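Visitor: I am attaching a structure below and will ask some questions about it afterwards.
No lab work stands behind these numbers, since they all come straight from the coordinates. Computed from a predicted model, the values in this text were never measured in an experiment. Note that we place each Cβ from the backbone using ideal geometry, even for glycine, and neighbour counts take in every protein chain shown.
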Amino acid sequence: MRRALLFGRRTSRPPRRLGADGTSALILLLLAFPLGAQERLASDFEIAQMEQQLLRAKGFSAQVSARLNLGDLRATRNEQSLARAEYLNASGLAEAERLDARRESAMSRYANATSYAALAQAKLGRKARAFELLEEAARYASDDAENWNLYASAMRILGHPRKAAAAARNAVALAKEPLDVAIYQHALATALIESGEVDEAERLLVTVTESLRSSKFASLQRDVARGEAFEVYSTARGDVAAYVSLLNRAQLRLAALYEQRGQTSKARTQYERVLAARSDDVTALTALGRWAEAFEANPFSPALVATYRRVIPSISEGPPAGNTTGAQMRRALIQLARGEHRAARTTLDGLLEKFPANETLRTLRRETERKAAPTLPGATPTAEELRALIETFEQLTPEQRVTLDRTTFTSDVVFTSAQVANGQTTFESGTIGGVPFRFSEPTVFNGVFDVRARLTYRILGRTADVSSASSGRAGRPPSFDRDALLLDPAGVQ
Amino acid sequence: MKRALVLLLFATTPAFAQVVASTPRGVVVAKPGHEVQTPTAIVVGRDRIAVLDALNNEAAIIEQPSGRTTRVQTAETPIAGAFVGRDLYVLARDARVVQRIGGARIAVAADPAFLRESNGTLYVYSRATGTIEEIANDRVTRRVTVAPFASDFEIDGRVAYLLYPRDARIRTIDLRAMKTTGVVSVGAVPVDMAFAGGGTAITARILAVADPSAKRVWLTEGTQSTVQAVARGFLRGFLGLGLFGSRASQFPTGVDRVVIRGKQWIAYDSSSGTLYRFTKSKSSVIAKGIAPKGFAVTADGVVYWKDGKLVAPKNAQ
């Protein structure tokens, strides 16, 4: 799975005229990074910090980038329904901005908002609409590097790295400021890696990292040192944050590339450079085998947990002592690997008392109770089958997930409500034999239907049951008490 | 007469997915997951059409009226196409080629955005370099560099028109000489244009230019060559007249697409998905919530895809 992270920066570039614009000097630039070895899991602290930024955010650019960023942070924690909610919010903001810009004849704003609307749609997986919006933005702003970078990011999210590379080349060709050039070169390198063109990607990444560490960026380097800036954002704002994030990502990516090519010494150098700037970078710590520090830095990272579990068989020492969160996490994982489920439960229950809403802990806790391998429900599943699927969803094999994606199910359902208008009925959520489900968004069906109906659907995954949500304060997401199935409706009778 | 290529299978249909086109044999609708996974454009020929999927690099060529379909892979990102006789040429933007299906791949300049056909000759405009390339017999025969970043490229006989939103200009190119012949200001942010008549022995071509910033469609008299002008005994440039002639906005949020076919003058606002009919004196809303490629203009009127069906409203004129 791949995703794009964003970061933006303030620029001194003067706004260009495209209609009666009043274009903001705030230009957001996008970067794309792959999920996986290089992913940093968002900690609760980072989520809270971004939520605070969102509350303070004024203006479209700040708000939409904060929403997209929060969605990305949620996605790294496998909180897909919350991530989706943020992307929907971003999409709504962008669409409103598009209309507003057009009313005010502000065409640069319109093109920019259209690009962000496309990005949000891409993150929501709506390919056709995302492409349509990207092409629309290109009509107005084919001379704008930022728009091409947004285009590249959206294409990467949608799994089209060659298209992303083409768009990124346009962005690189149009960029003028050194930091812009570096950002877009990094985006191009990312797309090239995903396209299998690693030689050019490596050359670009070497160029980017050497450029960022050179005297060309002395002023920014001084600002970084003076401000003790080290945070790496998926959506950074301001040159300093952009510089820090770009250097971190470029070095990590270059290191990963070296690792893939067996150039471990070069890779190690890059990882050590990353840690010199940020000593708790999970990816670098993991790559260098510094597990204790990595778990203290980010104990609940799914990527870290997954990597650690792979290497547990090669670790000779016993479970770590100590009561830090990181030590307890490692202890639980080793206990799980050894089949010591009761001990693992005890360790995890202790952590869950401190972090009751943590998805990683909850997933691991469920694993300790697993008695049988997960199985897929039948074509007309029982409530028990669906409950079992919710419980074991994370343990499905890749093959089972493929089969699940391709299977259509039919059940008698009770929808939460039915909104009828113009001969059409809108449904959003309901239950199947008491098992909660919902759609990714309210869905309109042709015809008038009762809340009791027969639904044909595909199962997309597990999500939060919105009916169990406790209300959140303004700007804060609600919390959810139980899980539900996320369904893709195919038809209703 | 209308002909739907595919049928809806499910009750739910994304609003932005269908592509509608007018063909000599009626209206066609391409829907997702049928001829191609994600239809993004329809190319119309005399007795064949092609549905392009720019996302998945596919094209489906459909014979009319038999409906026999041939699916082919294309180079990266087929955004446009044209038939020359029975040959389908596809502009694959991200591969930077014009591809004859089943034949040659012709390299073109960076960010090729428009493909036009005139008398069997193809012309490609590439935005990044501002180059127009002429393609005949599967090779680039001539090229001219005009100016980059045009938002529309149209050809009328031997004259090409390029429209520039940033500097609000139309540039005209004499395709016989492959030389720029004129640069004229038009509107505030012109984005799209269509031919609106004229072009006779005594009149210059009239262009309708959609300007969403001014919320108007400008009616502009096209350029003519010096030879033509002298033959007529006078020289005329672009007039740049906004329709209606008043300061009032012609369209509430502005329009950025204009399509003209005979007496059918249709404008479209991409931001709100609003489709308008307009004349020199008034405009009226035909429908809202229409996808940018979800409508087509026929000789009889406009047709559009809305709420899961093809709609052909009674011609208001």
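Visitor: Mind checking which aspartates and glutamates have their Cα closer than 17 Å to the Cα of A:Lys176? Skip sequence neighbours fewer than 8 apart in that chain.
Guide: Within reach: A:Asp143, A:Asp144, A:Glu146, A:Asp239.
Visitor: Per residue of A:137-150, count partner chain C-beta atoms within 10 Å of its C-beta, then hand back the mean as an integer.
Guide: Mean number of neighbouring Cβ atoms from other chains: 4.
Visitor: Within a Cβ distance under 11 Å of A:Arg342, other residues only, what is the Lys/Arg minus Asp/Glu net charge?
Guide: That sum, taken over residues with Cβ under 11 Å, equals -2.
Visitor: Given Cβ point charges of +1 (Lys, Arg) and -1 (Asp, Glu) and nothing else, what value in debye, to the nearest 20, does the dipole of segment A:307-378 about its Cα centre take?
Guide: That gives a dipole near 120 debye.
Visitor: Segment A:83-118: which GluC sites (Glu not before Pro) are DSSP loop and have at most 16 other beta-carbon atoms within 10 angstrom?
Guide: A:Glu104
Visitor: For segment A:348-466, with the dipole built from +1 on Lys and Arg beta-carbon atoms and -1 on Asp and Glu ones, taken about the Cα centre, which of A:Leu404, A:Leu386, A:Ala421 lies farthest toward the positive end?
Guide: It is A:Leu404, whose Cα lies furthest towards the positive end.
Visitor: Which peptide among A:377-385, A:125-133 comes first, and what is the full order, when sorted by highest mean count of other Cβ atoms within 10 Å?
Guide: A:125-133, A:377-385
Visitor: Using the 10 angstrom Cβ neighbour count as an exposure proxy, how do B:Thr220, B:Thr23 rank, fewest first?
Guide: B:Thr23, B:Thr220
Visitor: Here is a further query. Roughly how large, in nm² to one decimal, is the mean projection of the convex hull of the alpha-carbon atoms in segment B:12-155?
Guide: Taking a quarter of the hull surface, the average projection is 8.6 nm².
Visitor: Loop-only check: which trypsin sites (Lys or Arg not before Pro) in segment B:81-175 are DSSP coil with at most 14 other Cβ within 10 angstrom?
Guide: B:Arg86, B:Arg158
Visitor: Report, as an integer, the average count of C-beta atoms from other chains found within 10 Å of each Cβ along A:429-439.
Guide: Per residue, the number of nearby Cβ atoms from other chains is 0 on average.
Visitor: By its C-alpha gyration tensor, with a ≥ b ≥ c as the square roots of the eigenvalues, how is segment A:171-210 shaped: rounded for a/c under 1.5, else prolate for a/b larger than b/c, else oblate?
Guide: Oblate.
Visitor: Something else: Per-residue Cβ counts within 10 Å, from other chains only, averaged over A:281-291: what number is that?
Guide: Per-residue shielding by partner chains comes out at 0.
Visitor: Do the alpha carbons of any pairs in A:Lys123/B:Lys293; B:Lys263/B:Lys309; A:Lys216/A:Lys266; B:Lys31/B:Lys282; A:Lys123/B:Lys306; A:Lys58/A:Lys163 sit beyond 29 Å of each other, and which pairs?
Guide: Cα-Cα > 29 Å for B:Lys31/B:Lys282; A:Lys58/A:Lys163; rest within.
Visitor: Going by C-beta contacts inside 10 Å, put B:Trp265, A:Trp291 in order with the fewest on the left.
Guide: Final ranking by Cβ density, sparse to dense: A:Trp291, B:Trp265.
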